[in-house]
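The values are calculated or read from the model by the stated rules, or taken from the named source; none is laboratory data. These figures come from a predicted structure and were not determined experimentally. A quick note on method: Cβ atoms are made from the backbone with ideal geometry, for glycine too, and the neighbour counts reach across all protein chains shown. With ligands, DNA and RNA removed, areas are computed over all heavy atoms of the protein, side chains included. Shrake-Rupley method; radii C 1.70, N 1.55, O 1.52, S 1.80 Å.
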Amino acid sequence: MALTANVLIDTGELDSRLASGEPPIPLLRTVLKQTRQTLDDRFASGAPVEQLVHARAWAVDQVLQRIWRPYFAEHADHVALIAVGGYGRGELHPYSDIDILILLKQDNIDELKDGFEKFLTALWDVGLEIGHSIRSLDDCVSAAVEDITIATNLMESRLLAGSKRLLRALHERTGPQAIWPSRAFFAAKWEEQIQRHHKYHDTAYNLEPNIKGGPGGLRDIQTIGWITKRHFGISTTLHDLVSHNFLSEQEYCALMDGQSFLWQIRFGLHTLTGRGEERLLFDHQRTLATQLGYQNSEHELAVEQLMKRYYRTVMELGRLNEMLLQLFQEKILHADEPGEPTPINSRFQARKGFLEVTDAGLFAQHPSALLELFLIMEQQPKLNGVRAETIRLVREHRHLINDEFRANPQNRELFLEILRQPRGVTHELRRMNRYGILAAYLPEFAHIVGQMQHDLFHVYTVDEHTLVTLRNLRRFTVPQYAHEFPLCNRIISHLPHPEILYIAALFHDIAKGRGGNHSELGAIDAEKFCSSHALGPYNTNLVTWLVKNHLVMSMTAQRKDISDPDVIHDFAVEVGDIDHLNHLYLLTVADIRATNANAWNSWKNALLVELYNGTKRILRRGITNRPIQQERIGVVKEQARQQLRQHTLPRPDFESLWKSFDDDYFLRYSADEIVWHTRAILGSNETELPLVLMRQTTRRGGTGIFIYTRVEENLFALTASLLEQNGLTIVDARIITSRDGYTLNTLTVLEQNGEPISNSRRAQEIMESLHRGLKQLGSSGQVTRRIPRQLKCFPIPTTVSFITDKANRRTIMEVITADRPGLLARLGFALREHGAAIQNAKIATIGERAEDIFFITDDENRPIEDPDQLEKLAETIKRYLDC
């Protein structure tokens, strides 16, 4: 090849210099260094990556062969130097493993031991990090029998120097006629792939994907290659699958194009990191996107374009992998089973447990069968899948799903029937997505396939998130999972048309990436769909409303003070009726749980349940009957009195204590919480302050911490710092100041895994730590934990905004900034520097982004309204946070 001979290494000149006596180690080290630089330069200039990968393997061949010769020329018939694994295939990326086998005719290692040591030392000296094994032929066979990975590596062995007869013997004795016959090899490799995919949660849509091991990655292509060689012969190539009718020429080209793109990314990653990095980390995604020529557009970042292509590529490679493994399964595992078809209807039949068409011309003659196939898969749960030939036919005929197809009432009814089935809805929608049918039937959906959101909150692409949301909704309907979300299970079991909810899920994020408000744009798409599918005015309006308002319940629960009756009432007015509330609650829970594994926790669950129940009470009573605060205060006080009497607490004592609290206290706490506070305060004395108590689980869904002490500056800041030092996250804070100079701080905290504190010993240690720390209010309370690697990739400038809440005599402050250790403590210190007091706080971390809401007043318990004062407060907060 021109690249190797003329550009990389002049082998004639190299051999002349070695023959003249020039020291080989420095010379070969220089050759390798120049080779690496040349290949890096060629990559940067856009040379085909296939040339570079094979050229590096060729260059390493030249070095190894010239180091080998002096030590083993006399033993050429008894020993062989063999490249194995990826190097055996002649494929080396800049920092790929270079694996070699030194194969002995017999176990004569002692005789050649000195030569082996000098050879391996020389490889190290020239700068090659080699993975090596020294084995006799018998040893290789024994090892391959025990370990299929070794058998696979040997299958791709290539002679570099030494005995050709030894290599032939190795291939014969480790071939399918001797060990690991085709059927056993396929079964083992299939199981190996299943287990490997499990490591990546069976999805290619990870934020930081592994391009080699992840689903649809390079290892999946290699798996196909290994099975091909094992079944058809060691010299078989992937292109030979075309002549064996396993692939069409077009599919082969798609496979090679996908491999080429992944090779580009892998080569770039290795060059960028200076190591064999296989993970496409955030640290490298932006840089790599620029290196590969992507540029920011109006609605899409360069990195999002790169990742969108990546996700679409691995989806296509995953489909090809599925189809080929299906064919191998039919040809290898089930070759001896009876192949008589079992009719299902005039268009479809089952063969060996898989669905197939009765006629290869079915889809051309009856395009509606492109949807009917998925309906049959739902209705025939004993089917194991779709036959590979039928998958190919589906892909070849999906172009028939055009405007005329979508306008056909029969096809519209088929799509709705797929959504109405009692089982298999999620599974078949995923299959429709893999085969490209879902995007063909819903053209709007095509835009979000592979669409990533470059942040730490959304761990899935938009299409995957959508299908996970729908899966979560379906899971609510399954009796065996009712214990996970009993309220959701009860609600959804009474919905007359749950498919309405599934349609809302399909459309709730369908407009992401277009620019503009995705909820409003998605609602327009949803309305068109519902109208064209004759869902009727009520259901059409319901779906449209759900899509447009799918974030409202989450935002209300997490960003507003839902202990305020007016907040609940306003939300009830927005919802309108219990049917809308039921649908919105279910969609909200499913949506949050589909963003990432850490997004859902007991606190969010408790908030949403509290908001749901409070709203439901108002809707039943009638939204025209706005709650009167004094009535609610009276009810809460009476409930608390009844409980305190059971504890034989004297009424004069607690009534006297309550007189020091204003009405806000009784509006923001439940009767149960008031009883907890009252008993604790009356049971303590001044010398014991600060009083620190803990409830390991509360109705707020987290661990409750209650602090009662004299009003002190920086109390919140120091408390936040101490809690973070103990590995806890504050999600809610309510702070009340009594008329006689005491503060009642109630905080809801979670462990870093999103769960309440469950260990009683740890709970005791945290309370003792808080008590000690709060006794020393002069300490800095500095948090010294490192900022996590991923957070550093998303710098977010701090923004501070204010709204006056005149009804509740306070100012609402929103702070949006990058999440980091010590954030709340710094905010607390900044607020106190300006004499601002925190009444309440809602702490929300969305991936790398902190969006915290603080309800604040001045020192005289009034809202802060002066524009100059607010501007100075914002500047101080930015100084504390952006330093």
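General observations
- Test set (1) within 29 Å of the chain's Cα centre (by Cα); (2) of a type outside the set (Phe, Trp, Tyr); (3) more than 30 Å from residue 747 (Cβ to Cβ); (4) surrounded by 19 or more Cβ atoms within 10 Å (Cβ to Cβ) - residue 530 fails condition number: (1)
- Qualifying residue in segment 719-734 (condition: charged (D, E, K, R), surrounded by fewer than 19 Cβ atoms within 10 Å (Cβ to Cβ) and either modelled with pLDDT under 90 or part of a helix (DSSP H, G or I) (or both)): no
- Screening segment 395-499 for helices (runs of 4 or more DSSP H) wholly inside it with 2 or more residues that are surrounded by 20 or more Cβ atoms within 10 Å (Cβ to Cβ), in contact with a strand residue (DSSP E or B) (Cβ under 9 Å, 6 or more places away or on another chain) and touching a residue at least 40 places away in the same chain (Cβ under 8 Å) returns the ranges 425-435.
- Restricting attention to segment 735-760, the residues that are in a strand (DSSP E or B), open to solvent by less than 30 Å² (accessible area, probe 1.4 Å) and farther than 18 Å from residue 771 by Cα total 2.
- Selection over segment 844-863 of residues that are touching a Ser or Thr at 6+ places or on another chain (Cβ under 9 Å), of a type outside the set (Lys, Arg), touching a residue at least 60 places away in the same chain (Cβ under 8 Å) and surrounded by fewer than 20 Cβ atoms within 10 Å (Cβ to Cβ) gives a count of 4.
- Within segment 111-129, residues that are farther than 16 Å from residue 29 by Cβ and in contact (Cβ under 8 Å) with a residue 12 or more places away in the chain sit with their Cβ atoms under 8 Å from residues that are open to solvent by less than 10 Å² (accessible area, probe 1.4 Å) and among the aromatic types (Phe, Trp, Tyr), at 6+ positions apart or across chains, in these pairs: 112/72; 115/72.
- Scan of segment 811-843 for residues that are open to solvent by 10 Å² or more (accessible area, probe 1.4 Å), in contact with an Asp or Glu (Cβ under 9 Å, 6 or more places away or on another chain), assigned to a strand (DSSP E or B) and not charged (D, E, K, R), ordered by number: 812, 816, 818, 837, 839
- Residues located in segment 657-674, provided they are surrounded by fewer than 19 Cβ atoms within 10 Å (Cβ to Cβ), over 17 Å from residue 807 (Cβ atoms) and over 41 Å from the mean Cα position of the chain (by Cα): 657, 658, 659, 660
- Contact annotation: residue pairs with Cβ atoms under 8 Å, 6 or more positions apart or on different chains, pairing a residue in segment 222-234 that is over 12 Å from residue 185 (Cβ atoms) and touching a residue at least 24 places away in the same chain (Cβ under 8 Å) with a partner that is open to solvent by less than 20 Å² (accessible area, probe 1.4 Å) and not in a helix (DSSP H, G or I), are 234/175.
- For segment 9-28, the tally of residues that are surrounded by 13 or more Cβ atoms within 10 Å (Cβ to Cβ), in contact (Cβ under 8 Å) with a residue 24 or more places away in the chain and in a helix (DSSP H, G or I) stands at 6.
- Each residue in segment 566-592 was checked for being closer than 23 Å to residue 469 by Cβ, surrounded by 17 or more Cβ atoms within 10 Å (Cβ to Cβ) and touching a residue at least 40 places away in the same chain (Cβ under 8 Å), and 10 of them qualify.
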